[in-house]
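Okay, structure first, notes after.
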Amino acid sequence: MLRLENISVQVGSKKLLDNVSASFLPGKMNLIIGPNGSGKSTLVKAASKQIAVCEGSIRYSEKQLMEYSYRELAKIRAVLSQHTEVAFPLKAWEVVMMGRYPHFTNHPARIDEQIVVQAMDYFEVMSMADRDYATLSGGEKQRVNFARVLAQIWNAVPGQLRYLLLDEPLTFLDVNFQYQFMRKLIELEQKDDLVVVGVVHDLNLAARFADYILLLNEGKVLAQGQPSEVLVEEKIEQAFKIKPVMLTHGSLNYISF
Amino acid sequence: MLSRNYSASYFYLAIILVVVFFLSLIFGAIVIRADEIMSAFSDFFSGREMPLQERIFFDIRLPRAINCILVGASLAMAGVLMQALFRNPIVEPGLVGTSSGAALGASLYFVLGATLKFNAGVWTLPIAASAGGACATVLVFLLSHRREASQSIISLLLTGIAVNALCLSGVGLMSYLARDPQARSITFWNLGTLSGSSWNSVILIGASTLICFFISLRLTKALNALAMGEAEALHLGVNINRLKVMVITVTVVLVAVATAFVGVISFVGLIVPHFLRLMKGSDNRFLLIGSALLGGIILSLADLTARLWLAPAELPIGIVTSVVGVPVFIFLLRRNQHYF
C-alpha cells in the first residue's frame, strides 16, 4: 500500500498540496483527476521522491519514503511521465535497458536482457528495438517508455510490493492508444503485489477503468472513493467550473459537457 | 541483438594510438630513427652516458609524446562528461570557461607565486589551475542558469564567451607582468603548446588522467540515464545532485591539470566525442573509453602537424585543433538548431 498522510507541499507562498491524505491499494486501478493546477503532478512528484513534502508523511508499505535511497526506491518503484525526449541518439532497446539500471552495476546480466525482451514483447515494440528512439512516433515512444518502466519493476520481490506511478501518460496519445494502454494497465494491475497510481485528464477514462478515484482541487482532496461516489454532477462542477451532462449507455456511465 | 560490441573499436583505436605514438617519437625538428630509440633505451637501463641524439629523445621527445596522449585523453574525456551533464553535444571545456579559468589560475600562480614567495611544491601549480578552472566553471554555471532547459544552452555558450574573455584578459595582464619566461608567453596560454613537456608534467598529468578515468567510469551508467532528463534519471535511482558535483569536480581536475602545463587547447573535447558517437552511438561508457584512446590519437596527430608544418619552427597546437574543431562546432550548431 502507498499511503499519504496529511501531506502538504509549498513553493514560496503557494500551497501546491494542502493536507492531502490517501491510500492506494495493490490490485486496484487508482486514478487521480482534477483541473489544471490542482496538484495532481505535484502529488506524483512527492510520491516518487522527486520533491520533498513540507508536512506529513509518505509510506511505501510500512517504510517511510525518506528512508529509501534513490537506488533502493528505483528497484521497487517506476514512474512513467507524459513524454520523454533523449538528448543523444539512442536505440529503442537502449532506452528500455535503462529500466534495468537500478539492478546491475556495469554490464547487464542475462536476466536483464531477458526482461528487456519480455517487456518489449509485451508492449509490441520488439520490431523497433534497433531503431533510433528520436525517429519513433509519439505513440511508439510512449510504448517504449512503458516497456522501460515495466522492465524496471518486472520481477516480483518476495514480501515486497511494487509501485507504478503514472503522470498523465496518455496526454499526447490518440484515442486508440489511450484505450490500448488502459487495457494493458488493467492486465498488469490484476497482480496483487503491484500498486498502480495514475494521473489522467480524461474523466471518461477514469469512469470506465478506475476502481478508486482521488479528485483534487486547488491542492485539496475534493472527493475520493469509487467512481460512482466521486464522479457526480456537483463535485465535477465544483472542481472544473463547468456543468456536466451525465449519460448512461448500456451499463456504462459517460460524462459530457 | 540487445548489446553492442565495442571491443573491436577499442582494439583498432589502441592499434592506431600505438602507431601514432611511435610516429610522434620519430618525427620532429630532427628525425630519430628506430634503432636510435632502441639504443637510447638500452643506454638508459644500463646507465651509460648518452649521446646528444639520445638525450633529446629522453628529455624532450618521449615526455612530449606521452603528454600528447595524456592531455588528449583528459580533454576528450572532459568533453564527454560535460556533454552528458549538460545533455548537449556542443559543450566542451574550452567553451564553458574551464580551460581559460585554469589558465588564469596557473598564470596568477606563476606571477604572484614568485612575488609572494610561495613555497612552490610540485602540486601547487595544478592546484592553482584547478581553483581557477573551478571558479570559472561554477561562475558560468550560475550565471547561465535558466529555468527553461531550451534557453539554458544558448545562455551557457554566451556566458562562456564572456567568462573566457575575462579570464584570457587576466592571463594577458599576468603575462605582461610576468618575469618567468614560460608564463610571459601569451601564445602559450591562448593557443597551447606541448613543447615544454617535462617528466614532472608527465607524472602529474598522468596521475590526474588515470584517477579521473577510473572515477568517471563509475559514473557512466548514471550519465546515460541523464540523457532522458533529470527527473527520469532520478526515477531510475540516480542521486542527481551528487552526480553533478562529481562530474564537475572530475572535469575541472582533468582540464585544469592539463591546461596548467600545456595552455588552453580548445575543441578536442568537441571533436573526439562527436566522431565516437558517429561510430557507435551514445553509450557514455564507450564514449569515455573511446575518447581516452581517440583523444590521444587526435592530439598526437595535431602535435605532429604543429611540429612538422613549418619545421623547424613550431605552430601553437591550438591553431591546429581549431582548424579542425571550428567546422565541426559549426556543423553541430546548425544540426542542433532546435535547441535555440
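Computed values, structure above
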item: Filter result for A:Ala134 (within 13 Å of chain B (Cβ to nearest Cβ), hydrophobic (A, V, I, L, M, F, W, C), under 22 Å from B:Ala227 (Cα atoms) and open to solvent by less than 10 Å² (accessible area, probe 1.4 Å)); result: no
item: Candidate set from the range B:27-52 (those that are under 30 Å from the mean Cα position of the chain (by Cα) and open to solvent by 40 Å² or more (accessible area, probe 1.4 Å)); member that is modelled with the lowest pLDDT; result: B:Ala29
item: Residue in the range A:48-69 that is in a strand (DSSP E or B), closer than 18 Å to A:Leu166 by Cβ and within 13 Å of chain B (Cβ to nearest Cβ) present; result: no
item: Close pairs from the range A:183-199: first assigned by TED's automatic domain parsing to the domain that holds A:Lys28 and buried (at least 16 other Cβ atoms within 10 Å of the Cβ), partner part of a helix (DSSP H, G or I) and among the hydroxyl-bearing types (Ser, Thr, Tyr), Cβ under 8 Å, at least 6 apart; result: A:Lys184/A:Tyr122; A:Val199/A:Ser41
item: Matching entry among A:Val125, A:Val95 (being touching a helix residue (DSSP H, G or I) at 6+ places or on another chain (Cβ under 9 Å) and within 9 Å of chain B (Cβ to nearest Cβ)); result: A:Val95
item: Every residue from the range A:115-140 that is in a helix (DSSP H, G or I) and over 23 Å from A:His103 (Cα atoms); result: A:Ser127, A:Met128, A:Ala134, A:Thr135, A:Gly138, A:Gly139, A:Glu140
item: Residue in the range B:2-10 that is more than 14 Å from chain A (Cβ to nearest Cβ) and more than 23 Å from B:Phe267 (Cα to Cα) present; result: yes
item: Residue count for the range B:238-259, restricted to those that are facing another protein chain (nearest Cβ under 10 Å) and buried (at least 22 other Cβ atoms within 10 Å of the Cβ); result: 1
item: Search result, residues across the range B:1-26 that are free of Cβ contacts under 8 Å to residues at least 24 places away in the same chain, surrounded by fewer than 16 Cβ atoms within 10 Å (Cβ to Cβ) and outside any loop (DSSP other than H, G, I, E, B); result: B:Ser7, B:Ala8, B:Phe11, B:Tyr12, B:Ile15, B:Val18, B:Val19, B:Phe22
item: Condition met for B:Ile154 (assigned to a helix (DSSP H, G or I), surrounded by fewer than 18 Cβ atoms within 10 Å (Cβ to Cβ), at pLDDT below 80 and of a type outside the set (D, E, K, R)); result: yes
item: Residue satisfying condition, being surrounded by 18 or more Cβ atoms within 10 Å (Cβ to Cβ) and acidic (Asp, Glu), within set A:Glu124, A:Glu140; result: A:Glu140
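The values are calculated or read from the model by the stated rules, or taken from the named source; none is laboratory data. Note that the structure is predicted; figures quoted are calculated from it, not measured. FYI the Cβ positions are ideal-geometry reconstructions off the backbone, even for glycines, and counts take in every protein chain you see. The area values use the complete protein model at the heavy-atom level, side chains included, leaving out ligands, DNA and RNA. Shrake-Rupley method; radii C 1.70, N 1.55, O 1.52, S 1.80 Å.
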